[in-house]
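Chemist: My structure is below; once you've seen it, I'll send some questions.
Nothing in this text is a laboratory measurement; each read-out follows from the coordinates by a stated rule. Computed from a predicted structure; not experimentally measured. Counting neighbours? That spans all protein chains shown, and the Cβs are built from the backbone with ideal geometry, glycine included.
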């Protein structure tokens, strides 16, 4: 009989089960409390969560909503974005970022990213505005995405938007809890949106999202729009809105998870540090900007394109999952390929799409399990380097 080595058991990419074992009883009690009091929509837990999210980030207002995509849409609805408007955004991101622009009848202009941290490259923004104007479009705003948990370059993006009369919407769907130069994300630009999808660093038991802002007028407008455009006296709808509320049960779940969130962020950073130490000599590992922190929604390394498929297959055979974000950037996807790209193309975005591969990342990834992952990666990359030297 062949012995099965326990260290070959399949690993989770994100271990929500470990978090459930830690918090399960408290979450069950919180959910039952909502079931008992019966305020399933905009119950007291929603207001409490909004207050705690705002305090956590240092923002004046937090407006919860149905998901991260609606969070983006609500802000742009509040700004009246529509046909003829151009919104600059990266192509190297999830579809939701540009989807909401198109849904409102406006045009996304895809700009390139910088290769060290995967976020919008300030050097390409002038070209994006020129491209928009050449198409007869009016640039009105920018969506800055904090990809994989690392803040965008707000030292450069903020003055650029101010100089060109653009609003800046910060898409922190992957980065809630990160900080830029001592300030937690949620305090930059016109507003910051985030997602509480279960796989996010702070996730609920379904869909959920939030918007953070210091703008009193925007706060009032967003609260109306998420509830069908309902006016203050509740007998008059003062705007065209949507059903964008966060369920009270999801707020109850998030309140419990928020109690351990800072601890989980610290654990994620310890995991990231072990990856960097174990892989930095064989792969291009993520780089943190001075004064910034990441929440490591994904830990994404870069390898030579000819090594990536081999690495993924080898790890899969050993029960180690990987993911590729994003193998096909938005400007190459069927639904978005006809929208404008800045300048002469998105060379860095296209290169990253061929090189990136994301590794298991969560706060409960212990050192022994991570050593197994690192060892498996090193075996493939070392072998590839040896073959390359032999050919040379």
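Chemist: Based on alpha-carbon centroids, what's the gap between the range 307-382 and the range 272-306 in Å, whole number please?
Modeler: Distance between centres, Cα-based: 12 Å.
Chemist: I need to check one value: relative contact order of the chain, counting alpha carbon pairs closer than 8 Å and at least 6 residues apart, in percent.
Modeler: 23
Chemist: Which order do peptides 206-219, 59-72, 316-329 fall in by mean Cβ count within 10 Å, highest first? Each step should come with its number before you reach the end.
Modeler: On the way: 206-219: 21.1, 59-72: 24.9, 316-329: 16.1.
Order by mean packing, descending: 59-72, 206-219, 316-329.
Chemist: Residue 327 versus residue 16, label points 7 Å from Cα toward the beta carbon: distance in nm?
Modeler: Result: 2.3 nm between the two label points.
Chemist: Tell me the label-point distance for the pair residue 41, residue 60, using the 7 Å Cα-to-Cβ offset, in nm and rounded to one decimal.
Modeler: Here the modelled spin labels are 2.9 nm apart.
Chemist: For Rg and Dmax of the Cα atoms in Å, several values are listed as [x] 23.4, 96; [y] 21.8, 78; [z] 22.5, 70; flag the one computed from this structure.
Modeler: [y]
Chemist: Here is a follow-up. So what is the calculated 222 nm ellipticity per residue for the chain, using -39500 (n - 2.57) for each DSSP H run with n of 4 or more, over all residues, to the nearest 500 deg cm²/dmol? Can you show the working numbers first?
Modeler: Details: 12 runs with 162 residues, N = 392.
Counting only the DSSP helices, I get -13000 deg cm²/dmol.
Chemist: Peptides 247-260, 265-278: what's the order by average Cβ count within 10 Å, highest mean first?
Modeler: On the way: 247-260: 21.3, 265-278: 17.3.
My ranking of the peptides, most packed first, is 247-260, 265-278.
Chemist: Run the numbers for residue 26 and residue 304: contour at 0.36 nm per residue of separation, minus the present Cα-Cα distance, in nm. Display every interim value, and only then the final one.
Modeler: Numbers: separation 278, 0.36 × 278 = 100.08 nm, distance 4.53 nm.
This chain segment gains 95.6 nm when fully extended.
Chemist: Something else: So, in nm, how far is label residue 199 from label residue 163 when the simple model puts each one 7 Å beyond its Cα toward the Cβ?
Modeler: Using points 7 Å along Cα→Cβ, the separation is 3.8 nm.
Chemist: Could you tell me the center-to-center distance, by alpha carbons, between the range 36-51 and the range 105-167 in angstrom?
Modeler: Answer, in whole Å: 36.
Chemist: Could you give the length gained on full extension between residue 344 and residue 217, defined as 0.36 nm per residue of separation minus the Cα-Cα distance, in nm? Before the final figure, lay out each step's value.
Modeler: Details: separation 127, 0.36 × 127 = 45.72 nm, distance 3.92 nm.
Value of the extension gain: 41.8 nm.
Chemist: Go ahead and run the numbers for FRET between residue 354 and residue 273, Cβ-Cβ distance against an R0 of 41 Å, rounding to 0.05.
Modeler: On the way: r = 27 Å, r/R0 = 0.65.
For residue 354 and residue 273, the calculated efficiency is 0.95.
Chemist: Per 0.36 nm of contour for each residue apart, how much would the distance between residue 181 and residue 155 grow if the chain were fully extended, relative to their Cα-Cα spacing? Walk me through the intermediate numbers first.
Modeler: Numbers: separation 26, 0.36 × 26 = 9.36 nm, distance 0.91 nm.
Gain on stretching residue 181 to residue 155: 8.4 nm.
Chemist: Turning to a different aspect of this structure: At a Förster distance of 22 Å, what's the computed FRET efficiency of residue 9 paired with residue 378, Cβ-Cβ distance as r, to 0.05? Spell out each step's value before the answer.
Modeler: On the way: r = 20 Å, r/R0 = 0.91.
Efficiency, from the Cβ-Cβ distance: 0.65.
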